[in-house]
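Following: one structure in C-alpha cells, then a few remarks.
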Amino acid sequence: MAQPIMLVTGGNAGMGLETVIGLARSGARVVLLSRDPGRGAAAREEALRRSGPGPADIELMTADLASLASIEAFAERFHSRYPRLDVLVNNAGVVTIRREETEDGFERMLGVNHLGHFALTGRLLPALLAAPAARVVVVSSGAHKAGRIHDPDPHLRKGFNVVKGYAQSKLANLLFTLELRERLRETAVRAHALHPGAVATSLGVSRETGFGRGIYRLLRPFFQTAEEGAATAIHLALSEEGGREGSLYYADSKPLRPAAKAEDLDAARRLWAWSEQQTGVRWD
C-alpha cells in the first residue's frame, strides 16, 4: 500500500504542529505548510524529534494563506511534486484585535480562516480526487454559534470587532464544509469540520507587539493543551469513521450537532458563490 500523503496548514505551531506529529507517527508523509520559512524549519525539526522512535517523513513547504498569489504558486509546486493528496487538514487560523486586511483586500480573519482555505482546497482538488479515498478536515470552532455572514459587508469595513470577525470566519468554515460535502458526494473525498475545544495556543497574540500575551498567560491554565486540541483532527484524518460520510461536525472525536445556521444549505451555496467571486477559484 502506498504511503499516505497528508498536508497540514499552519503546521508550525500549536495544534497544527501537534497534528503534524500525530500524522507522522502513523507512517504518513506529512507536508508541514508554514507561512514563515524560519519558524517552519524549527517546527519541522521539533516534529522530527518528537515523532520517533522510528524515522518520520515530514517535508516543509511554504505558503501565505493571506495571499491568493502565494496559494496558487504553492499549489503548482505541490502538484509538480506529489501525484495525489490523501488528507488535507485546514488548520491555520488567525485572530486580529484590530481590523487588518490581506494583500487582496480581504478582512484578515475571513481572508485567512475561510477564503485562503477555500482557495487552497480548490487549487488542490485535482490531487484530492487522484487519491483512492481522500479527506478534508476543517478546523472550525464553537464560536460559529455567535457568528453570522455579514452580508453585504462580510469584510467588516464598518463596525468591526474581533468577536464579530472571528465568529463569522468560523461559521464560514462550517458552511464551506457543508457545501463541499454536497459537491463531492459522488466522489471518494470526504469532508468534516471540528471544534478543537478551548486550546492554550498563542492565537491572537501579536508577534510584532506582544499584544494579548498577558491575557494568554492568565487564561492558559484553564485551557486544553495543543496536543489535546489536535486529537479530533488526527482522529478524522486517520480513523475509519473519518473515511465515511459521517457527521458534518465533531468535537472530542465524536459527532456533534452544530448550530442550525451551520446546516443552512442556501446560506452555504450563497457563501460558496461569493467565495468563488472573491478568490477567482472556481470548482466547475
Top mean-square fluctuation among S80, S70, S169, Gaussian network model of the chain, C-alpha springs under 10 Å?
S80
How much accessible surface area, in Å² rounded to 10, belongs to the heavy atoms of I71 with a 1.4 Å probe?
0 Å²
For the chain: accessible area per residue (Å², 1.4 Å):
45 Å²
I'd like the Karplus ³J(HN,Hα) series for the range 38-51: coefficients 6.51, -1.76, 1.60, θ = phi - 60°, whole numbers in Hz, and an x wherever there's a Gly or Pro.
x, 5, x, 5, 5, 5, 4, 4, 5, 5, 5, 5, 8, 8
Along the Cα→Cβ direction, 7 angstrom out, place labels at V163 and T225. What is the inter-label distance in nm?
3.2 nm
Two-site FRET efficiency, E72 against E182, from Cβ-Cβ distance with R₀ of 25 Å, rounded to 0.05:
0.50
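At 1.4 Å probe size, with the rest of the protein present, what percent of the exposed accessible area of the chain is carbon and sulfur atoms?
Working: 6540 of 12760 Å².
Ligands and nucleic acids excluded, carbon and sulfur give 51 percent.
Treating the beta-carbon of each Lys and Arg as +1 and of each Asp and Glu as -1, no other charges, what is the dipole magnitude of the chain about its Cα centre, to the nearest 20 debye? Walk me through the numbers on the way to the answer.
On the way: 36 positive and 32 negative charges, 106 e Å.
Computed about the Cα centre, the dipole is about 520 debye.
Just want to confirm a number: the relative contact order over the chain, from Cα pairs under 8 angstrom separated by 6+ residues, in percent.
Details: 546 pairs, mean separation 50.8, N = 284.
Answer for the chain is 18 percent.
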Once phi is turned into θ = phi - 60°, what whole-Hz ³J(HN,Hα) does the Karplus curve with 6.51, -1.76 and 1.60 give for every residue of the range 184-194, x standing for Gly and Pro?
9, 4, 8, 10, 9, 9, 10, 10, 9, 10, 8
Work out the count of Lys pairs in the chain where the Cα-Cα distance is under 12 Å, with the pair 8 or more places apart or on different chains.
4
Spin-label pair R270/R84, simplified geometry with 7 Å Cα→Cβ offset, distance in nm
3.9 nm
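Under the classification rounded if a/c is under 1.5, otherwise prolate if a/b is larger than b/c and oblate if not, where does the range 1-147 fall, given a ≥ b ≥ c as square roots of the Cα gyration tensor eigenvalues? Display every interim value, and only then the final one.
Numbers: a/c = 1.68, a/b = 1.39, b/c = 1.21.
The shape class here is prolate.
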GNM of the chain, Cα pairs under 10 angstrom: of E227, E45, E101, the biggest fluctuation goes to E45
Alpha carbon convex hull of the chain, projected area averaged over orientations, nm²
14.2 nm²
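The values are calculated or read from the model by the stated rules, or taken from the named source; none is laboratory data. Remember, it's a predicted structure, so these values are computed and weren't measured experimentally. We place every Cβ from the backbone using ideal geometry, glycine too, and count neighbours over all the protein chains shown. Surface areas here come from the heavy atoms of the whole protein model, side chains and all, with no ligands, DNA or RNA. Shrake-Rupley method; radii C 1.70, N 1.55, O 1.52, S 1.80 Å.
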